[in-house]
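Engineer: Can you keep this structure in mind? I'll have questions shortly.
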Amino acid sequence: MSEILSQAEIEALLSSLSSDGSGDPPPADDPSAPRDHRGGGLQLASPMGIKREARAPVAYEPYDFRRPDKFAKDQLRTLQMLHETFARLYAGSLSAYLRVPAQVDLVSVEQIPYDEYIRSLTNSIISVISLPPLAGQMILEVEFNIVLSMIDRLLGGPGTMTKPTATLTDIEKALTESIIHRAMRDFHTAWEGIAQFNPKREFMETQSQFVQIVPPNDVVVSILFELKVGELRGAMSICIPYMLLKPITSKLSAQRWFATSVKKNTGKYATLLAKRLEQSRIPLS
């Protein structure tokens, strides 16, 4: 015959199972049961009377579907190094062409929607450039005032802004094309260790709303430079769509860039050293 517990024994048993031992636990199905939020989590009582603390809430980073990340951080760093090289090359080309000190500094490299890039352009000369055999087009943009300054110097002037309108004469267009051509040549040189392509200027435009190389929401890498010619400063930028670079994104690694750079420099210096040795004169007794 089973033994029946007295009321006092039942209360003693419930008291021993309490999580803090100070009183009766609240019924499991009681929605008004108190919650302990100390320590940032919910305190739970196990059937064996052991306290358990709920896991702390996981921290989530917000994701903007309008600005998806297509380029990895390592790829962006490689693009940064590539265009630092381009900036140095183009500064040298401009200095020699204009016969005045020119400086080109890389400011930023970021991935943004194409529409955001286009809306940031004001009063600029925009060159649309293709990169065969890669499919697609890129943009090289230079602020109008800095282009006018370079044109003025090429025509024998002091390099000051001569007119506020956004129109160019045929002579000014030809000089602008020569400035852009040098940028394309240096761009090709900076990239030759990563990809082989032949930059070709398709057309030039001054109204950004008429330049649509990709759909508005497509991701592009925007590369911003500060260009200084004499005492005048201006902005220059390059816009490269992700879809254009997609076939070669696997090559956009810092390791590959460094290996190519070392190999290229080694060959260049070996040739230079050979020429120097050929010109050396050694007296023989």
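Engineer: Kindly indicate the residue of segment 206-238 that is among the aliphatic types (A, V, I, L, M) and over 29 Å from residue 73 (Cα atoms) and also surrounded by the fewest Cβ atoms within 10 Å (Cβ to Cβ) among those meeting that condition.
Structural biologist: Filtering first and then ranking leaves 232.
Engineer: For segment 239-256, how many residues meet the condition of being buried (at least 20 other Cβ atoms within 10 Å of the Cβ) and either more than 14 Å from the chain's Cα centre (by Cα) or closer than 12 Å to residue 106 by Cα (or both)?
Structural biologist: Counting residues in segment 239-256 that are buried (at least 20 other Cβ atoms within 10 Å of the Cβ) and either more than 14 Å from the chain's Cα centre (by Cα) or closer than 12 Å to residue 106 by Cα (or both) gives 1.
Engineer: Here's another thing I want to ask about it. Going by the conditions given, is residue 79 more than 30 Å from residue 250 (Cα to Cα), touching a strand residue (DSSP E or B) at 6+ places or on another chain (Cβ under 6 Å) and either modelled with pLDDT of 50 or more or surrounded by 12 or more Cβ atoms within 10 Å (Cβ to Cβ) (or both)?
Structural biologist: So residue 79 does not fit the description; no.
Here is a yes/no grid of residues against (1) over 24 Å from residue 249 (Cα atoms); (2) surrounded by 15 or more Cβ atoms within 10 Å (Cβ to Cβ):
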position: 95; (1), (2): yes, yes
position: 111; (1), (2): no, yes
position: 136; (1), (2): no, yes
position: 147; (1), (2): yes, yes
position: 150; (1), (2): yes, yes
position: 171; (1), (2): yes, no
position: 174; (1), (2): yes, no
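Engineer: Moving to a separate point now. Filter segment 115-134 down to the residues that are over 21 Å from the mean Cα position of the chain (by Cα) and crowded, with 17+ Cβ neighbours inside 10 Å, then identify the one that is farthest from residue 192 (Cα to Cα).
Structural biologist: My answer is 124.
Engineer: Further question: So, in segment 136-163, exactly how many residues are over 30 Å from the mean Cα position of the chain (by Cα) and either at pLDDT 95 or above or within 22 Å of residue 211 (Cβ to Cβ) (or both)?
Structural biologist: If we filter segment 136-163 for residues that are over 30 Å from the mean Cα position of the chain (by Cα), which is where we start, we get 151-163.
If we keep only those that are either at pLDDT 95 or above or within 22 Å of residue 211 (Cβ to Cβ) (or both) too, we end up with 151.
Count: 1.
Engineer: Residue 71 is checked against (1) modelled with pLDDT under 85; (2) in a loop (DSSP other than H, G, I, E, B) and fails just one. What number does that condition carry?
Structural biologist: (1)
The values are calculated or read from the model by the stated rules, or taken from the named source; none is laboratory data. Being a predicted model, the structure only gives us computed values, none of them experimental. Using ideal geometry, Cβ is built from the backbone for each residue, glycine included, and neighbour counts are taken over all protein chains shown.
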